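**Student:** Here's a structure for you.
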Amino acid sequence: MTNTALKLQLSKYSSALFDAEVQFYPGYARGETEMKSWLKETALCVASEVLNDMKPYKAFHNLHCSAEERKETIVHALKQRIDYWVERGPVDVPDESTAAVMEEPRPQIPLPIIDAIPVEPKPSRKRDAQFPNRAIWLRERLAERGWDHNDLPRHGGPDRKTALKILAGGEVRPDVLDKLAKALSFSKKVPKVTILDIPTT
């Protein structure tokens, strides 16, 4: 793979991971300042994850593209995505009564323009969404309470980084799920949650 092709693949890959994570942020951010903060924090996590995923192949990649060039490519792509989501502005979050009838396909999120190039098989990633149903469930519980991932640690739940990991379908320890259940049970406006209510997939 040439230097240019590798950079294009890195740009596309990191942008797709970033967009998959932040697509729900505009509906929950309480202003541009908070939105930018979330986006920057997520960009750091995605950049770190992509660079970490590439470590086993660095000897091969170094023949075409230096580690510094790869890092700059990822950072540049994520900066573009941050600008896109900030300019996009806030969106309304559908409540449960209207969500069921909203079946029209969502518009495609524009990614950096990339020419068609062969895509090498990606190695399996342990941190891919292993628990997608749990992620969906948590988003629904947060929406019920008018919360976002920042509210969980305020009520004794997982820290922000761990909350984002759960929302991305990542694996966490059982004691973290117990803290999550207790935090979600803090609000008296909705039914209490136990660890048994949390999806296992």
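The values are calculated or read from the model by the stated rules, or taken from the named source; none is laboratory data. Every value quoted in this text rests on a predicted model; they were computed, and no experiment measured them. Cβ atoms come from the backbone with ideal geometry, glycine included; neighbour counts cover every protein chain shown.
**Student:** When residue 29 is evaluated against the numbered criteria (1) closer than 15 Å to residue 164 by Cα; (2) in a helix (DSSP H, G or I), which criterion, by number, is the only one it fails?
**Tutor:** Residue 29 satisfies all of (1) closer than 15 Å to residue 164 by Cα; (2) in a helix (DSSP H, G or I) except (2).
**Student:** Please specify each residue of the stretch 1-56 satisfying the condition of being within 17 Å of residue 70 (Cβ to Cβ), exposed (fewer than 15 other Cβ atoms within 10 Å of the Cβ) and β-branched (Val, Ile, Thr).
**Tutor:** 2, 4
**Student:** May I pose another question? For the stretch 58-76, check the following and say yes or no: at least one residue is within 16 Å of residue 23 (Cα to Cα), surrounded by fewer than 16 Cβ atoms within 10 Å (Cβ to Cβ) and modelled with pLDDT under 85. Give the derivation first.
**Tutor:** Taking the stretch 58-76 first, the residues within 16 Å of residue 23 (Cα to Cα) are none.
Within the stretch 58-76 (the criterion being within 16 Å of residue 23 (Cα to Cα), surrounded by fewer than 16 Cβ atoms within 10 Å (Cβ to Cβ) and modelled with pLDDT under 85), the answer is no, since none of the residues qualifies.
**Student:** Give the stretch 155-175 a look and list any residue that's over 22 Å from residue 17 (Cβ atoms) and free of Cβ contacts under 8 Å to residues at least 24 places away in the same chain, or say none. Reasoning before the result, please.
**Tutor:** Within the stretch 155-175, the first condition is being over 22 Å from residue 17 (Cβ atoms), and the residues that meet it are 155-157, 173-175.
Residues satisfying the conditions are 173, 174, 175.
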